[in-house]
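The values are calculated or read from the model by the stated rules, or taken from the named source; none is laboratory data. Small disclaimer: the values here were computed from a predicted structure and weren't measured. A quick note on method: Cβ atoms are made from the backbone with ideal geometry, for glycine too, and the neighbour counts reach across all protein chains shown.
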Amino acid sequence: MWEAISNQFALLQSWIFQILVQPALYALGLMSWDELAFDGTELFLIGVIELALLYVIFRPLELLAPVEQWPNRREANVDFLYSMITKLGLLPLFFFLVLTPAFDYLNGSLRLAGIIPPNLEDFVPALKDSPVLSAVTYLALFDFFDYWRHRLQHRFGIWWALHSLHHSQRQMSFWTDDREHLLDQMISGAWRGMLGLLIGVPPAQFLVVTLISGAIESFSHANVRLSFGAIGERILVSPRFHRLHHAMSVGHDGPHRGCNFAQVFSFWDVMFRTANFDATYHPTGVSDQNEGADYGGGFWAQQRLGLRRLWQAWS
């Protein structure tokens, strides 16, 4: 079945590339980007499918058992624009045109110098025979480093100046996961890309891990009254567990400048003593919003104010 789906996807990718993308490249004199554009078409289609699945699966859950009922969804709808940009537009283009060639050059330079980046399968040969075990292992490894990246986003004022945009959402939904300042997203993408290069994760595995972690992170932001129980929440991040990370006067304003930093596996928070298992569903946001702090009501205002906060933190 999966082979048939893969074949149909490949046919659709080729058709769209030949009908729409390739003629545009010819018209603009950019045929040297032909190979990157073909890969970009694949990412675009994956993004379309991902957006559709997120809506079909998570939106009914939000309607069935919401934490909050909103008179209008204006603030939440802005986050959908972030999801489109992240999964379909600017960010994939940036990664392909800037980060991918940079990582390829760095990888090639290391190999020419006789330095071969390690591969996890070399240390654990059993992973070669089990794609599922391999994916879970890479997922846990990436989540470990993302846990510490996330703590640094809260620890340093310069980084928090950007990341606070993510926490300013008071109508948190499954789209909120992608609500990040574009500069912050580029930093996070470079962080994960460099990690993938250093541990030698295969490109296919990198894509699978990114999709799985992205789906789990979207679910953890959902406006759903749901926990995984006393045991489950010590293993996987649930919507209730992650909502505490966004809770006003509990999350960033609490001990350790936050709690529940893990994005997939909550046992990192248990291990490093940043877990909070309070069963209360608190309002989300940043405390200074109660004092009139402005984080912007629209996409461009949010981007502009994020840069202003960054400059103020820097100076």
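Does region 272-289 contain at least one residue that is assigned to a helix (DSSP H, G or I) and at pLDDT 90 or above? Lay out the reasoning, then the answer.
Taking region 272-289 first, the residues assigned to a helix (DSSP H, G or I) are 287-289.
Narrowing further to those that are at pLDDT 90 or above: none.
Looking for residues that are assigned to a helix (DSSP H, G or I) and at pLDDT 90 or above, one finds none in region 272-289, hence no.
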Criterion (under 20 Å from H221 (Cβ atoms), of a type in the set (S, T, N, Q), surrounded by 14 or more Cβ atoms within 10 Å (Cβ to Cβ) and within 19 Å of the chain's Cα centre (by Cα)) met by exactly one of S287, S266: S266
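How many residues does region 187-201 contain that are over 11 Å from the mean Cα position of the chain (by Cα) and in a helix (DSSP H, G or I)?
Start the filter on region 187-201 by keeping residues that are over 11 Å from the mean Cα position of the chain (by Cα), which leaves 187, 190-191, 193-201.
Okay, now just the ones that are also in a helix (DSSP H, G or I), so 187, 190-191, 193-199.
Selection size over region 187-201: 10.
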Being at pLDDT below 80 and either in a helix (DSSP H, G or I) or over 17 Å from V201 (Cβ atoms) (or both) is the requirement here; does D122 meet it? yes
Is one or more of the residues making up region 188-209 under 25 Å from I49 (Cα atoms), touching a His at 6+ places or on another chain (Cβ under 9 Å) and not hydroxyl-bearing (S, T, Y)? no
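F261: crowded, with 22+ Cβ neighbours inside 10 Å and of a type outside the set (A, V, I, L, M), yes or no?
Details: crowded, with 22+ Cβ neighbours inside 10 Å: yes; of a type outside the set (A, V, I, L, M): yes.
Criteria met by F261.
Within the group L81, L61, L88, which residue is under 24 Å from the mean Cα position of the chain (by Cα), at pLDDT 80 or above and closer than 22 Å to V208 by Cβ? Don't jump to the end; show me each part of the working.
Working: L81 fails: closer than 22 Å to V208 by Cβ; L61 fails: closer than 22 Å to V208 by Cβ.
Selected residue: L88, the only one of L81, L61, L88 that is under 24 Å from the mean Cα position of the chain (by Cα), at pLDDT 80 or above and closer than 22 Å to V208 by Cβ.
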